[in-house]
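As structure tokens, the structure follows; a few thoughts come after it.
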Amino acid sequence: MNTGIGDASDIIGILVSVIITAALLIWVERRLLAVWQDRLGPNRVGPMGLMQVVADMIKMFFKEDWIPPFSDKLVFVLAPTIVFITMLTGFAVIPFAPGVGIIDFNFGLLYFLALSSLSVYSIVLAGYASNNKYSLLGGLRAAAQTVSYEVFMGISIMGVVMLSGTFNLREIVEAQRDGWFIIPQFFGFIIFLIAVIAESRRGPLDLPEAEQELVGGFHTEYSGMKFGMFFVGEYVAITLSSAIIVTLFFGGWLGPSWLPPLVWFCLKTAVGIVFFILLRGALPRPRYDQLMTFGWKVLLPAGLLNLLVTGAVVLSLHGT
Amino acid sequence: MRSQLRSLWEVLKHTFVKPDTVEYPEEKPALFPRYRGRIILTRDPDGEERCVACNLCAVACPVDCIALQKTEDKNGRWYPEFFRINFSRCILCGFCEEACPTNAIQLTPDFEMCEYDRQNMVYEKQHLLIDGTGKYHDYNFYRVAGMTILDKDKGQAENEASPIDVKTLLP
């Protein structure tokens, strides 16, 4: 099964396409939000406004790269790279198609959970190092959010692991040949979805950023390319989250054979990304005590219940 | 939970709603006659200047962008010797139009006034004065006002009675 995984062409191709996707998402998100708000969005620069991405990047590169004198300089500079690096390395285990991927790793799912959890350090450290009240509040919220969603995030996908009997993402996809896990694991999917939204700090659960309350939250003091890192890191996080949701619940590359598996995977991921943007465009942000209450009192018990029922069903079907 | 799903659906339905955006340089927005844009000076139906140089517009102007000097012609009609509007200051509030007692100064639905040289934004009387009557076609100040000019004495204006002779006792 290891044929062709981890070639240099795979690594470079995946890296480049992920970064291009993340950059294009700047434009895609603005256009889609505009469509849903009965506007047009950026449509002037280049064909359909596609060059807006380039214009935005040029702007970001040439902005003054300012480090506040009151900040903790080393941490301030390091923080934005963490979210970018962790999210990008998360793509190592994603099974794009049979034979396309970076590594075939037996504990791929755990690796994804570990890396995505690490990304919160970026936010917390950025908020701390900025030495600014709003940023600190943002970092604080990120920490509070993490302790509430991280627990049920792991638990919610244990149902998938039980059904497929492996942590290897490729084998999880293969296990879905008879039916996507969205059907037996619907509640697990809902819980995991809420967890990844909170985890990528997007949409309705962007509490650490909370532009309306906290100016910019953790990235208030950031400008230029360091802000760009957070920005692109967020889009990489969306892409990674959609990819992992597709892998776990929507059968990864599986699909009717009139399209190649890689295309199926990309299509499903694109739909996931659009759904993420729709969530952001439609839902209001909860207070952060509401999020914590909801996480601990509703989603955690629901996740445990889901785990219990799945375990009982698997046990009764397959015996010991 | 239901309301969240419902709002997701309602927002998604907007995918098929036509955008409200008017793409300006290609598609001009429909402006109404009373839109407050570039300022003009109008003439009365006889083709004379309506402005009587009363300075009320200059007083009403919150940004002091109007400057003018009163003078008289040989008929005794007042008119501005110069009339200058600095459009780089003008905020198009329309107060001058409201203050004007003779409907002379009016705002138009034209707002495309870009210039490369700031000095070109200062409009003199010959730039402001148009040949027509603007939005009010019938009004002619000297025909209805009681002011004496050479070809019209007191009491000769429209809807005006002759002045009462206070020296007589007849009713």
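Quick check: the angle from helix A:8-36's long axis to the longest principal axis of chain A, C-alpha only, nearest 10 degrees?
So the helix axis and the longest Cα principal axis differ by about 70 degrees.
So how do A:Met48, A:Met87, B:Met121 line up by other beta-carbon neighbours within 10 Å, fewest first?
The fewest-first ordering by Cβ neighbours comes to A:Met48, B:Met121, A:Met87.
Is the C-alpha gyration tensor of chain B telling us rounded, prolate or oblate? Criteria: a/c under 1.5 is rounded; beyond that, a/b larger than b/c is prolate, otherwise oblate.
prolate
Which one, B:Tyr136, B:Tyr116, B:Tyr79, has the greatest fluctuation when you compute a Gaussian network model over chain B with C-alpha springs under 10 angstrom?
So, out of B:Tyr136, B:Tyr116, B:Tyr79, the one fluctuating most is B:Tyr116.
If you take each beta carbon of peptide B:18-28 and count the beta carbons of other chains within 10 angstrom, what is the mean? Working shown, then result.
Working: counts 1, 8, 4, 6, 1, 3, 0, 1, 0, 0, 0.
For peptide B:18-28, the averaged partner shielding equals 2.
Can you classify the protein assembly as shown as rounded, prolate or oblate using the Cα gyration tensor, where a ≥ b ≥ c are the square roots of its eigenvalues, rounded means a/c under 1.5, and otherwise it's prolate if a/b beats b/c and oblate if not?
Prolate is the answer for the protein assembly as shown, as a/c is 1.5 or above and a/b outweighs b/c.
So if we plug the beta-carbon distance of A:Ile67 and B:Leu12 into 1/(1 + (r/R0)^6) with R0 = 35 Å, what FRET efficiency do we get, rounded to 0.05?
0.25
Specify the residue with the greatest mean-square fluctuation among A:Ala22, A:Ala34, A:Ala195, computed from a Gaussian network of chain A linking alpha-carbon atoms under 10 Å apart.
A:Ala34
With label points built 7 Å along Cα→Cβ from the Cα atoms of A:Leu110 and A:Val271, find their separation and express it in nm.
If labels sit at A:Leu110 and A:Val271, their model points lie 3.2 nm apart.
What whole-number distance in Å separates the alpha-carbon centres of segment A:217-271 and segment B:77-148?
That distance is 60 Å.
Does anyone have the angle between helix B:2-13 and the longest principal axis of chain B? Alpha-carbon axes, 0 to 90°, nearest 10?
Around 70 degrees separate the two axes.
Between A:Leu33 and A:Ala8, what is the label-point separation in nm under the 7 Å Cα-to-beta-carbon projection?
Result: 4.1 nm between the two label points.
Determine which residues of segment A:126-165 fall in the zone a paramagnetic label at A:Leu74 would reach in this model, i.e. backbone nitrogen under 16 Å from the point 7 Å along Cα→Cβ.
Taking a point 7 Å out along Cα→Cβ of A:Leu74, the residues of segment A:126-165 whose backbone N falls under 16 Å are A:126, A:129-130.
Given springs between every Cα pair under 10 Å in a Gaussian network model of chain A, which of A:Gly272, A:Gly255, A:Gly138 has the largest fluctuation?
Maximum among the listed residues: A:Gly255.
In whole Å, what is the distance between the alpha-carbon centres of segment A:115-163 and segment B:31-66?
Between the Cα centres of segment A:115-163 and segment B:31-66 lies a distance of 63 Å.
With each pseudo-label sitting 7 Å past Cα toward Cβ, what's the A:Val45-B:Gln119 distance in nm, one decimal?
Label at A:Val45, label at B:Gln119, 3.7 nm between them.
Hey, what angle do you get for helix A:133-156 against the long axis of chain A, alpha-carbon based, 0 to 90 degrees rounded to 10?
0 degrees
Bear in mind that the values in this text are calculations on the coordinates, not laboratory data. Only a predicted model underlies this, so the values are computations on that prediction, with no experimental measurement involved. So basically every Cβ, Gly included, is an ideal-geometry build from the backbone, and we count neighbours across all protein chains shown.
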